[in-house]
Amino acid sequence: MVSAGVPLARSLAALQGDSESPYMREVLGGVTKDVESGISLGDAFAKYPEVFSSVYVNMVRAGEEGGILDQILARLATQVEQDASIRKKIKSAMAYPVVIMCVTIIAFFGIMLFIVPKLGGILTSLGGPNAKLPIYTQVLLNFSNFCTHATIVPHIPNLILFTIVFAVAAIYGLRYIRTPEGMYKFHGLLLRVPIVKVIILKVAIARFSRTFASLMGAGVSVLDALEVTGAALGNKVIEKELKDAAAAVQNGKPLSEPISQSPHFPPIVAQMLLVGEETGQIDTVLTKIADFYEEEVEVLIDGLASVIEPVMIIFLGAGVGLIAASVMGPIANLSKTAGG
């Protein structure tokens with residue numbers, strides 16, 4: 001609509017009427033009023049940080065200042081769609097293993113609490129209290145007894161006690177992670193987990209490249225672009241590296257130099273940045289990097305999704321088989337002994 005010459009306020013009003021979300025209609029209504037009162041679109045968006053990110057707001061401001069708002073909005077649309085596509089693929093790949101894991105844990109403790117104690121009584125009645133059981137069967141029975149009895153705190157079964165302790169620890173852990181120090185340490189930990197590290201780095205590099213290229217193409221200064229881009233990456237460790245890179249750029253160094261010294265950015269990014277600095281086409285070069293790493297992320301996630309399902313089925317089958325062998329094997333042996 002902006003490209004077609006429709007007035008900004010009328011365009012926003014049209015979007016407000018077409019939105020299916022009541023909250024989004026409310027936000028667009030507020031933005032429309034602000035624009036009609038003379039506030040710039042970027043400043044109006046900045047009032048709603050939960051809807052419009054700092055990257056979005058800064059790019060819109062740059063578009064307004066440069067008179068290329070329609071081009072900037074087109075870039076933002078592409079960027080938002082690609083980010084949403086990556087997030088959707090990651091969530092889709094993680095949904096199946098998370099569901100299987102939850103069902104497995106619930107089923108396991110259900111068996112421990114309700115089925116194994118009864119089967120333990122059957123084994124005792126068949127072989128007597130001194131019956132010799134396989135080691136894995138005895139471990140299963142001991143674990144079931146530990147879960148159902150109160151051996152640590154009187155009148156509170158151990159399973160309930162450990163569930164309460166785990167819930168309290170999880171709550172305090174999440175609160176700590178939300179602090180700046182805790183979030184930095186948590187993000188650093190994620191960058192040391194083998195498979196997770198690869199996904200996070202590729203996503204972060206793709207997001208850095210596309211966001212930084214969009215900001216540079218919109219005429220935002222390198223220092224402002226680095227600040228905004230770092231906040232949009234979603235990882236505090238890499239964000240700190242970009243802040244250090246911004247300080248180096250402020251001291252007169254080219255951006256490619258501190259990026260080349262980063263332990264997380266691969267050498268190709270620094271090399272391509274150097275080419276972009278020499279040719280004056282940083283945004284074009286970084287867009288190519290973003291395309292490359294977004295494709296890498298898609299291939300990696302698709303590969304993980306195809307591997308996770310059979311692996312989870314194997315582990316689930318192995319667990320069920322172990323429990324069945326631990327219970328049914330001794331019952332059969334004791335029945336033969338009793339019959340003989």
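The values are calculated or read from the model by the stated rules, or taken from the named source; none is laboratory data. Quick caveat, the model's predicted, so the values are computed rather than measured. Quick reminder, even Gly has a Cβ in these numbers, built from the backbone with ideal geometry, and neighbours come from all protein chains shown.
Assess whether L223 counts as being surrounded by 22 or more Cβ atoms within 10 Å (Cβ to Cβ) and farther than 16 Å from A290 by Cα. It is false that L223 is surrounded by 22 or more Cβ atoms within 10 Å (Cβ to Cβ) and farther than 16 Å from A290 by Cα. Look at I282 and say whether it is touching a His at 6+ places or on another chain (Cβ under 9 Å), more than 30 Å from I135 (Cα to Cα) and either of a type outside the set (A, V, I, L, M) or surrounded by 14 or more Cβ atoms within 10 Å (Cβ to Cβ) (or both). Taking the combined requirement at face value, the residue does not satisfy it. Within the range 90-101, identify whether any single residue is small (G, A, S), within 30 Å of S214 (Cα to Cα) and crowded, with 16+ Cβ neighbours inside 10 Å, and answer yes or no. Looking through the range 90-101, at least one residue is small (G, A, S), within 30 Å of S214 (Cα to Cα) and crowded, with 16+ Cβ neighbours inside 10 Å.
For I259, the conditions (1) surrounded by 14 or more Cβ atoms within 10 Å (Cβ to Cβ); (2) in contact (Cβ under 8 Å) with a residue 24 or more places away in the chain all hold with the exception of (2). Any residue that is over 20 Å from the mean Cα position of the chain (by Cα) and on the phi > 0 side of the Ramachandran plot - is there at least one of those in the range 52-63? For the range 52-63, residues over 20 Å from the mean Cα position of the chain (by Cα) and on the phi > 0 side of the Ramachandran plot: absent.
Of everything in the range 43-90 that's in a helix (DSSP H, G or I) and among the acidic types (D, E), which residue is modelled with the highest pLDDT? Step by step, filter the range 43-90, then rank; the result is D43. In the range 18-48, the qualifying residues are those that are surrounded by fewer than 17 Cβ atoms within 10 Å (Cβ to Cβ), closer than 16 Å to G63 by Cα and of a type outside the set (D, E), and the one that is nearest to the chain's Cα centre (by Cα) is S40. Taking the condition modelled with pLDDT under 85, surrounded by 20 or more Cβ atoms within 10 Å (Cβ to Cβ) and in contact with an Asp or Glu (Cβ under 9 Å, 6 or more places away or on another chain), does G276 pass? No: the conditions fail for G276.
The helices (runs of 4 or more DSSP H) located wholly in the range 178-263 that include 1 or more residues which are modelled with pLDDT under 85 and farther than 28 Å from I301 by Cα occupy 194-217, 222-232.
Note on the range 186-202: among residues that are free of Cβ contacts under 8 Å to residues at least 40 places away in the same chain and over 13 Å from the mean Cα position of the chain (by Cα), the one that is nearest to L304 (Cα to Cα) is P194.
Evaluated against (1) under 30 Å from K288 (Cβ atoms); (2) touching a residue at least 12 places away in the same chain (Cβ under 8 Å); (3) crowded, with 16+ Cβ neighbours inside 10 Å; (4) not aliphatic (A, V, I, L, M), N158 falls short on exactly one condition, (1). Would you pick out the residues in the range 1-17 that are exposed (fewer than 15 other Cβ atoms within 10 Å of the Cβ) and either over 17 Å from A77 (Cα atoms) or touching a residue at least 24 places away in the same chain (Cβ under 8 Å) (or both)? Selection gives S3, G5, V6, P7, R10, A14, G17.
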